[in-house]
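Report on one structure; see the data block that follows.
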Amino acid sequence: MTDPAPYLSGLVLTGRRVVVVGGGGVAQRRLPRLLETGAQIDVISPAITPTIEGLLTNPDLRWVERGYTAGDLDGAWYVVVATDDAAVNDQVSAEAEERRIFCVRSDDRSRATAWTPASGQHDHVTIGVLGAGDHRRSAAVRDAILEELRTGALGARDSLDKQPGVYLVGGGPGDPDLITVRGRRLLAEADVVVADRLAPQQLLDELHPEVELIDAAKLPRGRSAQQEEINRILVERALAGKLVVRLKGGDPYVFGRGFEEAIACAEAGVTWTVVPGITSSISVPAVSGIPVTHRGVTHEFTVVSGHIPPDHPDSLINWPALAQLSGTLVLLMAVENLPKITATLLEHGRPATTPAAVIADGTLPSQEMVTADLATIAATAQEAGIGAPAIVVIGNVVDVAAQVRR
């Protein structure tokens, strides 16, 4: 004979009293999700962890700074017993049984009247898994379900929660694993995907066969989709009731013209949402071993577009001021103009010995990096055949990275 299966049910605890007895690691793990329910929670314990202490800024959480005493369950709807004292745990669970209050015990599930499932949430779906006491199995099953929901592999493409409109999604620096969870889910739900050249191309192969894929590549000195046409497509498809993903490399608002597209949507009355991405200006140096900031070395980093040279009449950059900074300078879209940029920085006082690096195809298998000083980095990159897309890092953090580079 097997033990009877528990009955899974979702408790509505908003505004209702919940008692947590114990202030250690188990309580610390349980409290965040309990707080999400809107319950009025009392933690009864002589001591609590620093993390729980940090949660006390939440008005729904109160610390009763003492041990458990009879009567502490008055008015409670749910109890979590999480101490390392078996006698206290027995006392609490006995009182909960007498008062018909469901009680979870962290030390002995066989003496509890409720079990805590391995749980997680994705959008408006809450997952709870009970594995007959096998916590590792429960967590593994939960994680597998959540991953499938997040990637869109599990769930209906035309679910009730699907909201038409334009989603400006940052795809990250190139590695498909570095797109956000929300970005990947939106790709799974999309009716239309308008993709940039620098967006993670492997993700396009995962699109549903019915998705309309529109190439919005802008090639340096080559064929280029006009921004006005991209705006028109986004608006047109969204007004037709489609869920449109505008997939970009990096972050939509870091030299990605994302807000131009947001303005176009707003002017046309189209709902739009930005889904931030991991910007290449920070992530590409990071995966190359270069921190853009480091204690005692730099107190700032500056991200600059190098798509036009310093002497161009349309340049909005105060290059002389940049040259006077001692922190990290990160240049995007600067490979072609790097000789003029480095010459300008040198002219206005940036030391010629300042360490520098150029990183091409960041986060991809073809990633390549060269290092030199400011005076020679442009020539070094050219000799190595480094082309776009590439990130340029100028500053002492390049030498800091050399301390751990193998």
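The values are calculated or read from the model by the stated rules, or taken from the named source; none is laboratory data. These numbers come from a predicted model, not from an experiment. With ideal geometry, Cβ positions are generated from the backbone for all residues, glycine too; neighbour counts draw on all protein chains shown. Heavy atoms of the whole protein, side chains included, go into the accessibility calculation; ligands, DNA and RNA do not. Shrake-Rupley method; radii C 1.70, N 1.55, O 1.52, S 1.80 Å.
General remarks:
- Within the chain, DSSP assigns beta bridges of which about 35% are antiparallel (rounded to the nearest 5).
- Legend: residues K340, K248, sorted from most to least accessible area (1.4 Å probe; ligands, DNA and RNA excluded), read K340, K248.
- Of F259, F301, the residue with the largest accessible area leads and the full order is F259, F301 (1.4 Å probe).
- Debye log10 I(q)/I(0) for the chain, one point scatterer per Cα, at q = 0.06, 0.13 Å⁻¹: -0.39, -1.06
- Three-way shape label, segment 326-406, alpha-carbon gyration tensor, a/c 1.5: oblate
- Largest first, the residues S110, S305 sort by 1.4 Å accessible area into S110, S305.
- Overall, the chain carries a charge dipole of about 140 debye about its Cα centre when +1 sits on the Cβ of Lys and Arg and -1 on the Cβ of Asp and Glu, all other atoms neutral.
- Counting only protein heavy atoms and a 1.4 Å probe, the chain has 53 square angstrom of accessible area per residue.
- Sorting the segments 230-242, 203-215 by their residues' average number of neighbouring beta-carbon atoms within 10 angstrom, most packed first, yields 230-242, 203-215.
- Size descriptors for segment 340-380 (Cα atoms only): Rg and Dmax, in that order, 11.8, 37 Å.
- Exposure check, 1.4 Å probe, all protein chains in place: S366 carries approximately 70 Å² of accessible surface.
- Degrees, to the nearest 10: 86-99 long Cα axis against longest axis of the chain: 70
- Prolate/oblate/rounded label for segment 193-334 (Cα gyration tensor, a/c 1.5): prolate
- Using equal-weight Cα scatterers in the Debye expression, the normalised intensity of segment 263-406 in log10 at q = 0.10, 0.18, 0.21 Å⁻¹ is -0.36, -1.00, -1.30.
- Cα-based helix-to-principal-axis angle, 227-239 vs the chain, degrees rounded to 10: 30
- Qualifying GluC sites (Glu not before Pro) in segment 54-120, where qualification requires a DSSP coil assignment and no more than 14 other C-beta atoms within 10 Å, comprise E65.
- Scaled radius of gyration (Cα, divided by 2.2 N^0.38 Å) that segment 61-102 gives: 1.10
- Mean ellipticity per residue at 222 nm, deg cm²/dmol - from DSSP H runs of n ≥ 4 across the chain, formula -39500 (n - 2.57): -8500 deg cm²/dmol
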